[in-house]
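Worksheet: the structure to be examined is printed underneath.
The values are calculated or read from the model by the stated rules, or taken from the named source; none is laboratory data. Computed from a predicted model, the values in this text were never measured in an experiment. With ideal geometry, Cβ positions are generated from the backbone for all residues, glycine too; neighbour counts draw on all protein chains shown. Calculation scope for accessible area: heavy atoms of the full protein, side chains included, ligands and nucleic acids excluded. Shrake-Rupley method; radii C 1.70, N 1.55, O 1.52, S 1.80 Å.
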Amino acid sequence: MTDLVFFYGTLMSGFERPGRSRIDPKLRPCGRGWIHATLFDLGIYPAAIPAADSRVWGEAHRMLEPDAVLAELDVLEGHRPGEPDASLYTRVETAVTFEDGRVASAWVYFYNAPLGRADRIESGDYLQHLKVK
């Protein structure tokens with residue numbers, strides 16, 4: 001099991017999300033990278049869906065207390081480990097490619113509900129999207 005977690009949306013550094021501030025002391029930044037996924041704008045936050053032909057950019061962090069951090073993140077992301085079909089996001093171990101070319105496995109929360117009319121974020125980069133929006 002990996003001790004890395006990958007954030008691509010409002011849990012990234014710089015956002016004022018209360019749940020993130022509770023786990024910050026238990027995280028160490030590891031760098032920027034990407035995962036194979038497609039990114040959508042749900043309005044107040046983004047949603048990533050696994051996809052082999054596109055990239056979603058974000059940041060990886062090492063969890064100093066993985067069980068505690070993942071338990072907190074599961075609540076924030078609406079993930080129910082025993083009920084994946086009823087979860088808003090599912091937690092999946094996924095390959096992250098860092099800017100320097102390294103590849104590591106990290107936990108990623110993928111959206112698990114209907115996208116409705118959500119617009120695709122073509123750049124795959126939520127930070128860039130917010131600047132353009």
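Only one of Gly116, Gly101, Gly9, Gly31 is surrounded by fewer than 15 Cβ atoms within 10 Å (Cβ to Cβ), within 23 Å of Gln128 (Cα to Cα) and touching a Phe, Trp or Tyr at 6+ places or on another chain (Cβ under 8 Å); which? Please lay out each step first, then the result.
Values: Gly116 fails: touching a Phe, Trp or Tyr at 6+ places or on another chain (Cβ under 8 Å); Gly101 fails: touching a Phe, Trp or Tyr at 6+ places or on another chain (Cβ under 8 Å); Gly9 fails: surrounded by fewer than 15 Cβ atoms within 10 Å (Cβ to Cβ).
Result: Gly31 is the single residue among Gly116, Gly101, Gly9, Gly31 that is surrounded by fewer than 15 Cβ atoms within 10 Å (Cβ to Cβ), within 23 Å of Gln128 (Cα to Cα) and touching a Phe, Trp or Tyr at 6+ places or on another chain (Cβ under 8 Å).
Count of segment 35-55 residues, restricted to those that are within 22 Å of Met1 (Cα to Cα), open to solvent by less than 70 Å² (accessible area, probe 1.4 Å) and not small (Gly, Ala, Ser), is 2. Under the condition of being at pLDDT below 95 and touching a helix residue (DSSP H, G or I) at 6+ places or on another chain (Cβ under 8 Å), the residues counted in segment 81-109 number 1. Each residue in segment 87-122 was checked for being under 16 Å from Ser54 (Cβ atoms) and touching a residue at least 24 places away in the same chain (Cβ under 8 Å), and 12 pass.
Per this entry, Val96 is counted among residues that are open to solvent by less than 80 Å² (accessible area, probe 1.4 Å) and under 24 Å from Arg62 (Cβ atoms).
Look through segment 18-34, keep the residues that are in a helix (DSSP H, G or I) and of a type outside the set (D, E, K, R), and return whichever of them is nearest to Met1 (Cα to Cα). Talk me through it step by step, then tell me what you get.
Going through segment 18-34, the residues in a helix (DSSP H, G or I) turn out to be 18-26.
Next cut, of a type outside the set (D, E, K, R) only: 18-19, 21, 23, 25.
Numbers: Pro18: 26, Gly19: 23, Ser21: 24, Ile23: 19, Pro25: 21 Å.
Residue satisfying both the conditions and the ranking: Ile23.
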